[in-house]
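S.K.: The structure that follows is given in the form of structure tokens.
The values are calculated or read from the model by the stated rules, or taken from the named source; none is laboratory data. The structure presented is a predicted model; accordingly, all values stated were derived computationally and were not measured. Neighbour counts run over all protein chains shown; Cβ positions are idealised from the backbone, glycine included.
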Amino acid sequence: MSVLKSENLPPIIKDSFITGLITLILAIPIVGLPTINATEGLQIEPRWSVVIWMVLAVFLGRLVLNFWWHREQPSSSSTSPLNTPFLQSLQQLLKFIIPIGVLFALILPTMPFASRYVMDVAILVITYIMLGWGLNIVVGLAGLLDLGYVAFYAIGAYSYALLANYFDWSFWICLPLAGVFAAISGILLGFPVLRLRGDYLAIVTLGFGEIIRVILLNWYEFTGGPDGISGIPRPSFFGLEFKRSSEGTFSSFFGLDYSSMHRIIFLYYLILALALLTNFVTLRLRKLPVGRAWEALREDEIACRSLGINPTNTKLTAFAIGATFGGLAGSFFATRQGFISPESFTFIESAVILAIVVLGGMGSQIGVVLASVVLIGGTELFRELEEYRMLAFGALMVGIMVWKPRGLLAHREPTIRIETEGSS
Amino acid sequence: MSNLLTVNHLTMRFGGLTAIDDVSFSARNKEITAIIGPNGAGKTTVFNCLTGFYKPNVGELLLHDGSLTHRLERLEDFVVAQKARVARTFQNIRLFPAMSVLENLLVAQHNKLMLASGWTIKGLIGLHSYINQETQAIGLAKYWLDKTNLMNRANDNASDLPYGDQRRLEIARAMCTDPRMLCLDEPAAGMNPKESAELNSLLQFIRDEHKIGVLLIEHDMSVVMEISDHIIVLDYGRKIAEGSPEQVRNDPAVIKAYLGEDEDEELPPKVAADLQGETSHG
């Protein structure tokens, strides 16, 4: 495979050399000559060794890339990534990956490495998976670009927090109510934007997300404004609370020693169940007329109209169902944090959720899982990079888009297949 | 044979441009009615008015359905397809490219299936009544796949089909809505003579076996002259002639519209050849 033709060598070295030279020119002023605060004022303290290492790294990296690009290509017919054996093996692989992934998620809390930190990251990743799946209905299936999805997340979170604060209702009553409120707001958002598509729709949804955040921020008497809402009740396990007490708590009922991990593990299973519900419903809907109509609407709205499909209802159901899952996730977020404020629902959250959907491959359920593990889990891995963390996050996104322009898993399986004679 | 469609005084203006000017005609059930005319004559605009995509400025579009009469000019586009059961295809093919051929045909049966799935609730639980209805829908899809010779491409994406197959798939998709009237906008465009001949027999089959009215816009005279029962000729938004293929072919106004006043004045060569060729052996 990696046999290299000798005539390719000079251009490769030349190309790598030029790349190194560009790095050198850029690195000297940017990296090589930093200013420091000295007693006599600003001074320049050259860092030539760093520059040399950078140039060497870029040169060698480019060399490796070039070798990779110039490796002997097998005959072009079999290199196409879309040929059937490749797809078939991918599908077989996916068949195994899905149950293994679900199983792994189920037994994760019992693993020896499942520390408090690992569980927290896992809960965070699954929350984003759920949000990604919810948004996937609107963006991936119905093709309605929504930049304000975090509004539904916020509505779910504040629904639970306010209902619990004002009426003292339990989490299990508020959870479905949060979903209903989010769905209603989804429909309210849906009505004015029914005629819009693409960029125009994106801008209106962006505005909607901001409106919700600004309302939460300014309606001080009701939402607490920038102070947020604290002391949100934690969920109970069939009425058993997670507290250090001898009466009526989870640990005393099951005769266990109290551990703060119990609640974390309970929350983990709660969000896992919610996420799996989202996935189950989405997969089911895709195979139903409403799901096919969403995808048809994404493909061609005029053709949909000519077939008698009511575009208004179809869009509104997509908005409502997508928003419901956002609301459920929001209500989970409120109960997990115990404190919410408008800070948590800024535009960047919508952008991250949208990035997960797009990077995963629009409409692909497993793509969303992969993308949120890579993006959210990966960002946690980069925590040691401190201030360069967001740089790594951005580089990761750019990298994925360069490597896979249509998302990690862009392949779409038909929702239904029939036996055809002769060919498969 | 009764009238299926009556168009009275249809006028459609876009700003200062009158695309259709007081056109009246009727189309019958179990007949193929062709609308022909030079480019820009307003043929597709007539279709867009009939299917509710445009709201005409003046005029009455009546679709007769037994004792019922649907006033198409008052209905929204998707209601025209849903209630009056007028199906159409498009001049520039409009399929659902990323969906499979079979899925395209199931989307066409959306309203029926939506009802069967109890607006999704019954379907979500997986009740048998929905599953049975879906099996029937697949049966209807298979029937039209078989009629349009697309059976072996059923699981492929619509965008992967060659051009002629895409045109036939669009007809199959329109027929899956169980229409009372089928409007075809240049179905033979881009087809080779063999494909056009197959299209002819498909359209005749639809007319004779399914007993619906077919409204056809077409430039390919070999299709129009062979299968049409009735032809309406438009030019600059006006109806200039109407009648059987024989009458229309010899109508001086039609010849003038297609070939110009003087015979040596810029002839559109293909049209001229087609028209004369048809006349000589017709």
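S.K.: Could you identify the single residue in B:Val79, B:Val7, B:Val23 that is over 30 Å from B:Asp160 (Cβ atoms) and part of a helix (DSSP H, G or I)?
M.R.: Matching residue, one of B:Val79, B:Val7, B:Val23: B:Val79.
S.K.: Could you figure out which of (1) surrounded by fewer than 22 Cβ atoms within 10 Å (Cβ to Cβ); (2) more than 20 Å from B:Asn104 (Cα to Cα) isn't true of A:Thr278?
M.R.: Of everything listed in (1) surrounded by fewer than 22 Cβ atoms within 10 Å (Cβ to Cβ); (2) more than 20 Å from B:Asn104 (Cα to Cα), A:Thr278 misses just condition (1).
S.K.: Separate question: Please go through the range A:332-351 and give me each residue that is assigned to a helix (DSSP H, G or I), in contact with a helix residue (DSSP H, G or I) (Cβ under 7 Å, 6 or more places away or on another chain) and not hydroxyl-bearing (Ser, Thr, Tyr), ordered by number.
M.R.: Let us first name the residues in the range A:332-351 that are assigned to a helix (DSSP H, G or I), namely A:332-337, A:342-345, A:347-351.
Still in the running and in contact with a helix residue (DSSP H, G or I) (Cβ under 7 Å, 6 or more places away or on another chain): A:332-336, A:342, A:345, A:347, A:349-350.
Residues satisfying the conditions are A:Phe332, A:Phe333, A:Ala334, A:Arg336, A:Pro342, A:Phe345, A:Phe347, A:Glu349.
S.K.: Quick test of your reading of the structure: A:Pro311 fulfils all but one of (1) in contact (Cβ under 8 Å) with a residue 60 or more places away in the chain; (2) surrounded by 23 or more Cβ atoms within 10 Å (Cβ to Cβ); (3) within 13 Å of another protein chain (Cβ to nearest Cβ). Name the failing condition by number.
M.R.: (2)
S.K.: Determine which member of the set A:Gly186, A:Gly231, A:Gly209 is over 25 Å from the mean Cα position of the chain (by Cα) and either crowded, with 18+ Cβ neighbours inside 10 Å or of a type in the set (Gly, Ala, Ser) (or both).
M.R.: A:Gly231
S.K.: Out of curiosity, is A:Ile97 surrounded by 13 or more Cβ atoms within 10 Å (Cβ to Cβ), β-branched (Val, Ile, Thr), at pLDDT 85 or above and more than 30 Å from A:Ile25 (Cα to Cα)?
M.R.: No.
S.K.: Report every pair of residues separated by at least 6 positions or lying on different chains whose Cβ atoms are under 7 Å apart, first residue within the range B:97-120 and within 16 Å of A:Gly143 (Cβ to Cβ), second surrounded by fewer than 21 Cβ atoms within 10 Å (Cβ to Cβ) and of a type in the set (Ser, Thr, Tyr).
M.R.: Final answer for the pair search is B:Pro97/B:Ser159; B:Ala98/B:Ser159; B:Glu103/A:Thr415.
S.K.: Looking at the range A:354-372, is at least one residue among the β-branched types (Val, Ile, Thr), surrounded by fewer than 18 Cβ atoms within 10 Å (Cβ to Cβ), closer than 30 Å to B:Asn104 by Cβ and assigned by TED's automatic domain parsing to the domain that holds A:Ile123?
M.R.: For the range A:354-372, residues among the β-branched types (Val, Ile, Thr), surrounded by fewer than 18 Cβ atoms within 10 Å (Cβ to Cβ), closer than 30 Å to B:Asn104 by Cβ and assigned by TED's automatic domain parsing to the domain that holds A:Ile123: present.
S.K.: Scanning for something closer than 21 Å to A:Leu144 by Cβ, out of contact with any strand residue (DSSP E or B) (no Cβ under 9 Å at 6 or more places or on another chain) and not in a helix (DSSP H, G or I), does the range A:179-195 turn up at least one residue?
M.R.: yes
S.K.: Could I ask something else about it? Condition first: more than 8 Å from chain A (Cβ to nearest Cβ) and assigned to a helix (DSSP H, G or I). Now tell me which residues in the range B:85-103 satisfy that.
M.R.: B:Val101
S.K.: Please pick out the residue among A:Leu408, A:Leu385, A:Leu396 that is away from chain B (no Cβ under 14 Å), at pLDDT below 85 and assigned to a loop (DSSP other than H, G, I, E, B).
M.R.: Numbers: A:Leu385 fails: assigned to a loop (DSSP other than H, G, I, E, B); A:Leu396 fails: assigned to a loop (DSSP other than H, G, I, E, B).
A:Leu408 is the lone residue from the list that is away from chain B (no Cβ under 14 Å), at pLDDT below 85 and assigned to a loop (DSSP other than H, G, I, E, B).
S.K.: Can you name every residue in the range A:147-164 that is aliphatic (A, V, I, L, M), in a helix (DSSP H, G or I) and surrounded by fewer than 24 Cβ atoms within 10 Å (Cβ to Cβ)? Before you say what the answer is, go through the steps one by one.
M.R.: The initial filter retains those residues of the range A:147-164 that are aliphatic (A, V, I, L, M), namely A:147, A:150-151, A:154-155, A:157, A:161-164.
Checking which are in a helix (DSSP H, G or I) leaves us with A:150-151, A:154-155, A:157, A:161-164.
Matches in the range A:147-164: A:Leu162, A:Leu163, A:Ala164.
S.K.: Among (1) touching a residue at least 24 places away in the same chain (Cβ under 8 Å); (2) surrounded by 16 or more Cβ atoms within 10 Å (Cβ to Cβ); (3) touching a strand residue (DSSP E or B) at 6+ places or on another chain (Cβ under 9 Å); (4) not hydrophobic (A, V, I, L, M, F, W, C), there is one condition B:His70 misses while meeting the rest; what is its number?
M.R.: The single condition B:His70 does not satisfy is (1).
S.K.: I'm trying to understand the selection: among the residues of the range A:298-308, which are within 9 Å of chain B (Cβ to nearest Cβ) and assigned to a helix (DSSP H, G or I)?
M.R.: Once the filter is applied, which keeps residues that are within 9 Å of chain B (Cβ to nearest Cβ) and assigned to a helix (DSSP H, G or I), the range A:298-308 yields A:Arg298, A:Glu299, A:Ile302, A:Ala303, A:Cys304, A:Arg305, A:Ser306.
S.K.: Looking at B:Asn111, B:Asn152 in this structure, which one is at the interface with chain A (Cβ under 7 Å from one of its Cβ atoms) and surrounded by fewer than 17 Cβ atoms within 10 Å (Cβ to Cβ)?
M.R.: Working: B:Asn111 fails: surrounded by fewer than 17 Cβ atoms within 10 Å (Cβ to Cβ).
Unique residue meeting the criteria: B:Asn152.
S.K.: I'd like to check something: does the range B:114-123 contain any residue that is on the phi > 0 side of the Ramachandran plot and either of a type in the set (Ser, Thr, Tyr) or at pLDDT 90 or above (or both)?
M.R.: Yes; the residues of the range B:114-123 include at least one that is on the phi > 0 side of the Ramachandran plot and either of a type in the set (Ser, Thr, Tyr) or at pLDDT 90 or above (or both).
S.K.: Which one is nearest to B:Tyr236 (Cα to Cα) among residues in the range B:62-84 that are under 16 Å from the mean Cα position of the chain (by Cα) and more than 13 Å from chain A (Cβ to nearest Cβ)?
M.R.: Among residues in the range B:62-84 that are under 16 Å from the mean Cα position of the chain (by Cα) and more than 13 Å from chain A (Cβ to nearest Cβ), the one nearest to B:Tyr236 (Cα to Cα) is B:Leu72.
S.K.: Return a yes/no flag: does the range A:141-159 have any residue that is free of Cβ contacts under 8 Å to residues at least 24 places away in the same chain and within 24 Å of A:Thr282 (Cα to Cα).
M.R.: Scanning the range A:141-159, I find no residue that is free of Cβ contacts under 8 Å to residues at least 24 places away in the same chain and within 24 Å of A:Thr282 (Cα to Cα), so the answer is no.
S.K.: Within the range A:379-409, can you find the residues that are of a type outside the set (Lys, Arg) and in contact with a Ser or Thr (Cβ under 7 Å, 6 or more places away or on another chain)?
M.R.: Hits for the range A:379-409 are A:Phe393, A:Gly407, A:Leu409.
S.K.: OK, next. Tell me which residues, restricted to the range B:132-149, are surrounded by 14 or more Cβ atoms within 10 Å (Cβ to Cβ), β-branched (Val, Ile, Thr) and within 12 Å of chain A (Cβ to nearest Cβ).
M.R.: Residue satisfying the conditions is B:Ile138 alone.
S.K.: Additional query: Pull up the range A:373-424, narrow it to residues that are of a type in the set (S, T, N, Q) and surrounded by 14 or more Cβ atoms within 10 Å (Cβ to Cβ), then point me to the one that is farthest from A:Met119 (Cα to Cα).
M.R.: Looking only at the range A:373-424, we keep the residues that are of a type in the set (S, T, N, Q), and these are A:379, A:415, A:420, A:423-424.
The next check asks that each one be surrounded by 14 or more Cβ atoms within 10 Å (Cβ to Cβ); those that pass are A:379, A:415, A:420.
Working: A:Thr379: 15, A:Thr415: 35, A:Thr420: 48 Å.
Among those residues, the one meeting the criterion is A:Thr420.
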